[in-house]
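Visitor: I'd like to ask you about the structure that follows.
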Amino acid sequence: MSPEIIVFFVAMGWPTSQAAICPTGWLRFGETCYLVVTTPLTWGDASRECHTKKAELVLPQCQTEQDAIWEMFLQIYHGNPSKHIWIGCSDIEEEGKWHPCPLRSSSSDAYQNWKDDQPDNDLNGNADCAAMINGAGGRWGDRGCTERHFSACQLPADTDTALSFCLQVGTEGRLASPSCLVDHVVKELPVRGVVECGKACRSEPRCRSFNLLEEGPETMLCQLNNVARRQVEGEDSIPKLQNCYFFEM
């Protein structure tokens, strides 16, 4: 994007802002991205699988996050996951010392969600890895690390990735009359500026372009489109619309 266009948006009251971005196929909750792994793996293999993606096994830090992760699996398995879900906690290094999640009896303020009778070190003392238990609403229990279960990886959402997108200009290099792509919107959301809308487009796998509609002095609507301009025919697809601007990634 040229400097002139950046200055134009700031002058119009459309300040740049940041929106958290996750890799394709990952789900975002807050400022964290999650990848649901539905291939049953041992705890060690699940951890290594996450590391190959520069991520870690999930470990909820509050009940809200716990509920969000559990809900991801419920949606995939229609409310009934067939296996447990590994989380990033174990006492492999020292028996009885669970790291980095605390026990229910711990004086730590860190979040924990153990079942009432867990961990119980069953399986002849070999239950050394923690999982969300499918028959307990996702509450935690200790399991044998060589068992094969589902898992999920987590990594911080990207808020620093540089974006580039194009704004339509006229033949003289000036901003073209306001216009937007119609009939191809797959998602709408309120935003604070063009950068936030662009990042929303980048984080939506279906998005190929976006419209930014100024609804008021500080109110903007971001419309994500599932096609680029070259995929539509005729000027009727991008009509002139007041206070609406079309961008391509």
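The values are calculated or read from the model by the stated rules, or taken from the named source; none is laboratory data. What you see is a predicted model, and the numbers here were worked out from it, not measured in a lab. Don't worry about glycine lacking a Cβ; one is built from the backbone with ideal geometry, like all the others, and counts go over all protein chains shown.
Visitor: Look through E49, E71, E65, E31 and report the one residue that is over 30 Å from C197 (Cα atoms) and either surrounded by 14 or more Cβ atoms within 10 Å (Cβ to Cβ) or modelled with pLDDT of 80 or more (or both).
Guide: E49
Visitor: Within region 182-215, which residues are among the aliphatic types (A, V, I, L, M), touching a Cys at 6+ places or on another chain (Cβ under 8 Å) and in contact (Cβ under 8 Å) with a residue 40 or more places away in the chain?
Guide: V186, V191, A200, L212
Visitor: If I filter region 193-205 for residues that are surrounded by fewer than 18 Cβ atoms within 10 Å (Cβ to Cβ), farther than 29 Å from W26 by Cα and at pLDDT 75 or above, do I get at least one hit?
Guide: Looking for residues that are surrounded by fewer than 18 Cβ atoms within 10 Å (Cβ to Cβ), farther than 29 Å from W26 by Cα and at pLDDT 75 or above, one finds none in region 193-205, hence no.
Visitor: Which pairs do you get when a residue that is at positive phi, found in region 130-141, comes within reach of a residue that is in a strand (DSSP E or B) and not aromatic (F, W, Y), reach meaning Cβ atoms under 6 angstrom, with the pair 6+ apart or on two chains?
Guide: G138/M132
Visitor: What residue, among those in region 82-108 that are surrounded by 16 or more Cβ atoms within 10 Å (Cβ to Cβ) and touching a Gly at 6+ places or on another chain (Cβ under 9 Å), is nearest to F29 (Cα to Cα)?
Guide: Per the stated criteria, the residue is I85.
Visitor: Same structure, new question: Among (1) hydrophobic (A, V, I, L, M, F, W, C); (2) closer than 25 Å to T39 by Cα; (3) at pLDDT 90 or above; (4) under 19 Å from the mean Cα position of the chain (by Cα), where does I76 come up short?
Guide: (3)
Visitor: If you scan region 216-249, which residues turn out to be under 17 Å from C201 (Cβ atoms), in a helix (DSSP H, G or I) and either of a type in the set (D, E, K, R) or in contact (Cβ under 8 Å) with a residue 40 or more places away in the chain (or both)?
Guide: Listed by number, the residues that qualify are R229, R230.
Visitor: Next question, about the same structure. Could you count how many residues in region 184-215 are under 20 Å from A157 (Cα atoms) and either part of a loop (DSSP other than H, G, I, E, B) or not hydrophobic (A, V, I, L, M, F, W, C) (or both)?
Guide: Count: 12.
Visitor: Further question on the same structure: Within region 117-144, take every residue that is at pLDDT below 90 and part of a loop (DSSP other than H, G, I, E, B) and give me the one that is surrounded by the most Cβ atoms within 10 Å (Cβ to Cβ).
Guide: Among them, the one singled out is P119.
Visitor: Have a look at L213, L224 and point out the one that is at pLDDT 85 or above and within 20 Å of the chain's Cα centre (by Cα).
Guide: Residue meeting the stated conditions: L224.
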